[in-house]
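I have placed the structure first, in the form of structure tokens, so that the comments after it can refer back to it.
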Amino acid sequence: MTPIIRVHHLHKHFRLTRNRHGLLGAVRGLIAPEYRTVRAVDGISFDLARGELVGYLGPNGAGKSTTIKMLAGLLVPTSGEIVVNGHVPWRERQAYVARIGAVFGQRTTLWWDLPVSESLDLLQHIYKIPAQQFQRNLDEFRQLLGLDAFINTPVRALSLGQRMRADLCAALLHDPDLLFLDEPTIGLDVVAKERIRQFIQHVNRVRGTTVILTTHDLSDVEKLCERVMIIDHGRLLYDGKLEFLREKFGGKRQLVVDFAENYSDAPVDGAEIAGRDGNRVTYEFERRVIAASELIGRLSSQYRINDLEVREPDIESTIRRIYEEKLLENASDAAN
Amino acid sequence: MRLFFELARRSFQRQLTYRAATIAGLVTNFFFGVLRVAVLTAFYGVQAEVNGLSLQGAITFTGLTQAIIGYLSLFGWYEVMNSIYTGAVATDLLKPMGYYRFWMAQDLGRAVAQLVMRALPIMLAYAIFFPITWPKSVGQWLALVVAMALAWMISFSVRFLANLAGFWTPNALGFVRFAFILMYFLTGFLMPLRFFPDWFVRLCNLTPFPYIINTVVEIFLGVLTGPQIVVALLSQLGWVVILGVACQLILRAGVRRLVIQGG
């Protein structure tokens, strides 16, 4: 099947004026401005299959939003190729944007001083959605997103979470094939985040909409995405299963054991004791050194055990390690 | 067409919600209207008319121009510029419709609301407190309606064009303000254009500005008659077309710049 998105050697370079210090610098800058080039996106390639839900991760300034803007047709690449649904996004803007949906977490597509329902009506006309389809979608989203509580409230009076729910509804009324979500959970509380995640999952699984999600919040990714792409300094550092990322770069796993008696020391081959609290001992071990089952076997042959629990390293610390220690760059250097 | 109407209707509705602003605007417009009447009355002194305009005509002129300040957004309109600066332009460009039409529809709603909520009450107040003249024939009324509609379109395009400067500079406020100051003088808002020297009027007539106010005023006062009215309306129409094309071309260049250099 042809991919819904094909991105090939994508580059976006911005030319910024360099500010010089002091009055003299300012005058020189006026006469002979000096430029520097920022490579916001620096050679990215990937394919996306129809129906995928992909997390696009990276620290601030990594190039996430620039990529999304290019995919949405709001920025023209410096070089490289993007084909979405057979369209080149920035050409024929109107025809292209009619087939996509987008939510930029920081902004609203709704009318600030109109009630939500009126904004949605306007979108029906803008996207020329047939009345029946519009009503069906609206009913579905109203229920899933709990819009009824504030559907007659002007957008300016909504809380951030409510506004985000309204914006999600607005982005999907015309049944887009593809949904871009740029930081959809930014600034929301846990309950609001969870509701939005469930909705995104529904849209992807039940409606089959392809979703690209950029986020800072790794629990979004953990709950929603099988596939992640990690970008930093405009380069794609990782593109693959979330599971594999954890396996490869997850660092140490932990085994927490409640012993039946109080051993003064409880050493075992392949793992180190990281802490102890009465009869409870925490071991740390590396996946590539020993499997959890093996370790448990060794422990139970030597000691009497009441209970145990394997703890996976959380994805957040995994990814933090990847950025900080530049693990992926080293990995790809080694591969070359 | 349906979409245009729906956008305009919602925009009209939004205007109605700003009741306090409307009342404040009304009071201000009327207050300055009274000041302008006082100044003109002093200026006329014992003269019955100046450059062919009677005192009564001059007073009507101040009433009419005060009344349509809101309708034509004469004192400033920065919405497109602001949406470029806040980045809201991006979400609007993601909507599958022309950006110029998108704003034009919304401005129409705003203008009609201003016509109802500001122009009519001010004209009524003037009619109560001052001796003003009204159009005398059905033809004159009809011409007035057409001239008002075309005046709004010209005013919208001029404002839209000025706002587009926001695509090129991070601080276009000065430029847009300058455009509004030009409008203040060259439309014939400050003084009827016929009070100015001939050479100045001829220069003005090379620009679209007089067709925003002066044409409307002269039709209202009955200064223009028969064929002159037709010429005036056709000139307005010409400017609507020219400015419409200019808006589209410059908008396209601005969007191209935005999508290439980033917002």
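Values in this text are rule-based calculations from the coordinates and carry no lab data. Given the structure is predicted, the values throughout are model-derived calculations rather than measurements. Reconstructed Cβ throughout: ideal geometry from the backbone, glycine too, with neighbour counts over all protein chains shown.
Once both axes come from the Cα atoms, what is the angle between helix B:55-67 and the longest principal axis of chain B, in degrees from 0 to 90, rounded to 10?
So the helix axis and the longest Cα principal axis differ by about 20 degrees.
Please check: in the Gaussian network model of chain A (C-alpha springs, under 10 Å), which one of A:Thr109, A:Thr282, A:Thr78 has the largest mean-square fluctuation.
Result: A:Thr282 has the largest fluctuation of those listed.
Which whole-number percent gives the relative contact order of region A:252-312, counting Cα pairs below 8 Å spaced six or more residues apart? It would help to have the intermediate numbers written out before the result.
Numbers: 99 pairs, mean separation 31.1, N = 61.
Averaging sequence separation for qualifying contacts and normalising by length gives 51 percent for region A:252-312.
Can you list, largest first and rounded to whole Å, the semi-axes you get for region A:252-312 by taking the square root of 5 times each eigenvalue of its Cα gyration tensor? Show your work: numbers first, answer last.
Values: eigenvalues 59, 28, 20 Å².
Listed largest to smallest, the semi-axes of region A:252-312 are 17, 12, 10 Å.
What does the charge dipole of the protein assembly as shown about its Cα centre add up to, to the nearest 20 debye, if the Cβ of each Lys and Arg holds +1 and the Cβ of each Asp and Glu holds -1? Before the final figure, lay out the partial values.
On the way: 62 positive and 52 negative charges, 443 e Å.
Here the protein assembly as shown has a charge dipole of around 2120 debye.
One-quarter of the Cα convex hull surface for region A:5-247, in nm²? Working shown, then result.
Details: hull surface 63.0 nm².
Projected over every direction and averaged, the Cα hull of region A:5-247 covers 15.7 nm².
With everything on Cα atoms, drop me the angle between helix B:19-44 and the longest principal axis of chain B, reported from 0 to 90° to the nearest 10.
So the helix axis and the longest Cα principal axis differ by about 40 degrees.
How do B:Phe167, B:Phe178, B:Phe156 line up, fewest other C-beta atoms within 10 Å first?
Numbers: B:Phe167 21, B:Phe178 13, B:Phe156 25.
Arranged by neighbour count, lowest to highest, B:Phe167, B:Phe178, B:Phe156 become B:Phe178, B:Phe167, B:Phe156.
Round to the nearest 0.05 the FRET efficiency obtained for A:His9 and A:Arg287 when R0 = 25 Å and r is the Cβ-Cβ distance.
Working: r = 34 Å, r/R0 = 1.37.
The formula returns an efficiency of 0.15 here.
How high is the relative contact order of region A:1-57, in percent, counting Cα pairs under 8 Å that sit 6 or more residues apart? Walk me through the numbers on the way to the answer.
Values: 77 pairs, mean separation 29.5, N = 57.
Reported relative contact order: 52 percent.
Kirkwood Rh over Cα pairs of region A:43-133 into Stokes-Einstein at 20 °C, 1.002 mPa s: D in µm²/s? Mind dumping the intermediate values first?
Values: Rh = 15.5 Å.
For these conditions, the coefficient is 138 µm²/s.
Starting from the alpha-carbon convex hull of region B:169-263, give the projected area averaged over all orientations, in nm². Each step should come with its number before you reach the end.
Numbers: hull surface 29.6 nm².
In nm², the orientation-averaged hull projection of region B:169-263 is 7.4.
Quick one: pull the percentage of alpha-carbon pairs in region A:1-100 with a separation above 17 Å.
60
Would you mind telling me which residue in A:Leu71, A:Leu213, A:Leu123 has the biggest mean-square fluctuation in a Gaussian network model of chain A, where springs connect alpha carbons within a distance under 10 angstrom?
Of A:Leu71, A:Leu213, A:Leu123, the Gaussian network model singles out A:Leu123 as fluctuating most.
What value, in deg cm²/dmol to 500, does the helix sum -39500 (n - 2.57) over DSSP H runs of n ≥ 4 give at 222 nm once divided by the residues of chain B?
Details: 13 runs with 189 residues, N = 263.
The per-residue figure over chain B is -23500 deg cm²/dmol.
Can you work out the Karplus-derived ³J(HN,Hα) for every residue in region B:151-163? Use 6.51 cos²θ - 1.76 cosθ + 1.60 with θ = phi - 60°, whole Hz, and x for glycine or proline.
4, 4, 5, 5, 4, 4, 5, 4, 5, 4, 4, 4, 5
Quick one: which of B:25-33, A:27-35 comes out on top by average Cβ neighbours within 10 Å, and what's the full order, highest first? Numbers along the way, then the final one.
Working: B:25-33: 16.2, A:27-35: 10.3.
Highest mean packing first, the order is B:25-33, A:27-35.
Using 7 Å Cα-to-Cβ label points, what is the A:Asp139/A:Asn262 separation (nm, one decimal)?
About 6.7 nm, to one decimal.
So what's Rg/Rh here for the protein assembly as shown, counting alpha carbon atoms and using the Kirkwood radius for Rh? Intermediate results must be reported in sequence, preceding the final value.
On the way: Rg = 32.6 Å, Rh = 28.8 Å.
With Rh from the inverse mean 1/r over Cα pairs, Rg/Rh is 1.13.
Using unit Cβ charges (K, R positive; D, E negative) and no other charged atoms, how large, in debye to the nearest 20, is the dipole of region A:1-74 about its Cα centre? Working shown, then result.
Working: 11 positive and 4 negative charges, 65 e Å.
About 320 debye.
Step through the table entries A:Lys64/A:Lys241; A:Lys12/A:Lys241; A:Lys223/A:Lys248; A:Lys12/A:Lys128; A:Lys64/B:Lys95; A:Lys64/A:Lys193, compare each Cα-Cα distance with 24 Å, and write down the pairs that go over it. Mind dumping the intermediate values first?
Details: A:Lys64/A:Lys241 18 Å; A:Lys12/A:Lys241 26 Å; A:Lys223/A:Lys248 19 Å; A:Lys12/A:Lys128 33 Å; A:Lys64/B:Lys95 22 Å; A:Lys64/A:Lys193 20 Å.
Going by Cα-Cα distance, A:Lys12/A:Lys241; A:Lys12/A:Lys128 fall outside the 24 Å limit.
Sequence gap at least 6, Cα distance under 8 Å: using those rules, report the relative contact order of chain B to the nearest whole percent. List each step's numbers first, then the result.
On the way: 271 pairs, mean separation 67.0, N = 263.
With pairs under 8 Å counted, the relative contact order is 25 percent.
Skipping prolines and chain starts, which residues have an amide H placed within reach, meaning under 5 Å, of the one on A:Tyr56, given they are 5 or more residues away or on another chain?
Placed amide hydrogens put A:Leu213, A:Thr214, A:Thr215, A:Met229 under 5 Å from A:Tyr56.
Where does the charge balance sit around A:Leu110 when Lys and Arg score +1, Asp and Glu -1, over other residues with C-beta under 12 Å from its C-beta?
Working: positive: A:Arg107, A:Arg156, A:Arg163, A:Arg165, B:Arg10, B:Lys95; negative: A:Asp113, A:Glu118, A:Asp121, A:Asp167, B:Asp92.
Counting the neighbours of A:Leu110, the net charge comes to +1.
Taking K and R as +1 and D and E as -1, what net charge do the other residues with C-beta under 15 Å from the C-beta of A:Thr17 add up to?
Numbers: positive: A:Arg15, A:Arg18, A:Arg20, A:Arg28, A:Arg36; negative: A:Glu34.
Cβ neighbours under 15 Å give a net charge of +4.
Working from Cα positions, state the angle (0 to 90°, nearest 10) between the long axis of helix B:99-114 and the longest principal axis of chain B.
40
Can you compute the helix-only [θ] at 222 nm over chain A? Use -39500 (n - 2.57) per DSSP H run of at least 4 residues, normalise by all residues, nearest 500 deg cm²/dmol.
-11000 deg cm²/dmol
Evaluate the Debye formula for region B:2-261 with equal point scatterers sitting on the alpha carbons, no solvent, and hand back log10 of I(q)/I(0) at q = 0.10, 0.16 Å⁻¹, in q order, two decimals.
-0.52, -1.27
Output the antiparallel fraction of DSSP beta bridges having both residues in the protein assembly as shown, as a percent to the nearest 5. Don't jump to the answer; show the numbers that get you there.
On the way: 43 of 62 bridges.
That works out to approximately 70 percent antiparallel.
Rounded, prolate or oblate, given the Cα gyration tensor of region B:1-137, with a/c below 1.5 counting as rounded?
Details: a/c = 2.59, a/b = 2.47, b/c = 1.05.
Here region B:1-137 falls in the prolate category.
Would you tally the net charge around B:Gly25, using a Cβ to Cβ cut-off of less than 14 Å, leaving B:Gly25 out, and scoring K and R as +1, D and E as -1? If you can, show how the numbers build up before the last one.
Working: positive: B:Arg19, B:Arg110, B:Arg118; negative: none.
Summing Lys and Arg as +1 and Asp and Glu as -1 gives +3.
Could you calculate the FRET efficiency of A:Asp148 with B:Val116 from 1/(1 + (r/R0)^6), where r is the beta carbon distance between them and R0 is 51 Å, rounded to 0.05? Numbers along the way, then the final one.
Numbers: r = 33 Å, r/R0 = 0.65.
Efficiency at R0 = 51 Å is approximately 0.95.
Given springs between every Cα pair under 10 Å in a Gaussian network model of chain B, which of B:Leu224, B:Leu243, B:Leu203 has the largest fluctuation?
Result for chain B, Cα springs under 10 Å: B:Leu203 fluctuates most.
Would you mind pulling out the separation of the Cα centroids of region A:85-154 and region A:193-270, in Å?
Here the two parts' Cα centres lie 31 Å apart.
Can you give the FRET efficiency for B:Phe129 and A:Asp189, using 1/(1 + (r/R0)^6), R0 = 51 Å, r = Cβ-Cβ distance, to the nearest 0.05? Numbers along the way, then the final one.
On the way: r = 58 Å, r/R0 = 1.13.
Once the sixth-power term is evaluated, E becomes 0.30.
Which whole-angstrom value gives the distance between the alpha carbon centres of region A:10-69 and region B:187-263?
So the separation of the two Cα centres works out to 42 Å.
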